[in-house]
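What follows draws every value from the coordinates through simple rules; no lab data is involved. Keep in mind the model is a prediction, meaning the values are calculated, not measured. Positions of Cβ are backbone-derived with ideal geometry, glycine not excepted, and every protein chain shown enters the neighbour counts.
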Amino acid sequence: MQKKLILGSSSPYRKALLERLRIPFECHSPNIDESPHLRESAVDLVKRLSIAKAHAVNLERQQNNQDSEDLIITSDQVAVLNSQILGKPHTVENAIKQLSSFSGKKVSFLTGLCVFNQQDQSYQYSLSEYHVHFRALTTEEITHYVYLEQPLDCAGSFKCEGLGVCLFEKMEGDDPNSLIGLPLISLCRSLRELDVNPIG
């Protein structure tokens, strides 16, 4: 019997990405504190949170006597500019400020991925890096974009699958899906190692 997939996220973007693999799955939102630790690096932060989310979902499912042989998929992402970790803007003002600071610069997006095997309590972790080079943006363009697309729940204050692409000069990386929040290439690799192949 094929293992059931559990997406440990409430993100509609990650849900839409996982749906592309055409494998049935359930969503279970992890309840954890996502605050960074003092002097914690971006690399360490996304790893810690990705794994913590998986453990939180696993624990809650065990406490509720739910299936204990599923695969839990969790992810975390941060944007980094000049070594500074940038989160989700949450407000229009913050989004405009964030995008204004990106104008003409390269912003790196680090996305951690954890695939947790409930059967033996083991996990696989991988990190995907993606780089976005922003073109020189006018205040009018930034403001207009933010009001049109309302990217307030997105790290980096844009939706690359939408109008956000108009902000870019170029993009660099192995998997553009990681920029949206779920590295599908790495995920498929991990799933194959666990005998789950979307096309096998």
Whole-Hz Karplus couplings 3J(HN,Hα) for the stretch 50-57, θ = phi - 60° and coefficients 6.51, -1.76, 1.60, Gly and Pro as x, run 4, 6, 4, 4, 5, 5, 5, 5
Under 16 Å between alpha carbons, and skipping anything fewer than 8 positions from K170 in its own chain: which aspartates and glutamates qualify? E129, E161
Checking the cross-link filter: which lysines have an alpha carbon closer than 26 Å to that of K53, excluding same-chain neighbours under 8 positions apart? K3, K4, K15, K88, K159
Rounded to the nearest 5, what % of DSSP beta bridges with both residues in the chain are antiparallel? 85 percent
Centroid-to-centroid separation of the stretch 136-200 and the stretch 32-63 [C-alpha atoms, Å]: 21 Å
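How long is the gain from L148 to Q119 if the chain were fully straight, where each residue apart is worth 0.36 nm and the alpha carbon distance is subtracted? Don't jump to the answer; show the numbers that get you there.
Numbers: separation 29, 0.36 × 29 = 10.44 nm, distance 4.51 nm.
Working it through step by step, the gained length comes to 5.9 nm.
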Residue list for the stretch 127-162, given a label point 7 angstrom along the Cα-to-Cβ vector of K170 and an amide N cut-off under 19 Å: 129-137
Quote to one decimal, in nm, the extra length available between H37 and N94 on full extension: 0.36 nm per residue of separation minus the C-alpha distance between them. 18.3 nm
Which option, [x] 0.95; [y] 1.05; [z] 1.14, is the value of Cα Rg over 2.2 N^0.38 Å that was calculated from these coordinates? [y]
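Sequence gap at least 6, Cα distance under 8 Å: using those rules, report the relative contact order of the chain to the nearest whole percent. Could the numbers behind the result be given before it?
Working: 367 pairs, mean separation 43.2, N = 200.
22 percent.
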Would you list, by chain and number, the aspartates and glutamates whose Cα falls below 18 Å from the Cα of K97, excluding same-chain residues fewer than 8 positions away? E140, E141, E149, D153
Could you work out how much longer the chain between H131 and E193 gets when fully extended? Use 0.36 nm per residue separation minus the Cα distance between them, nm to one decimal. 19.6 nm
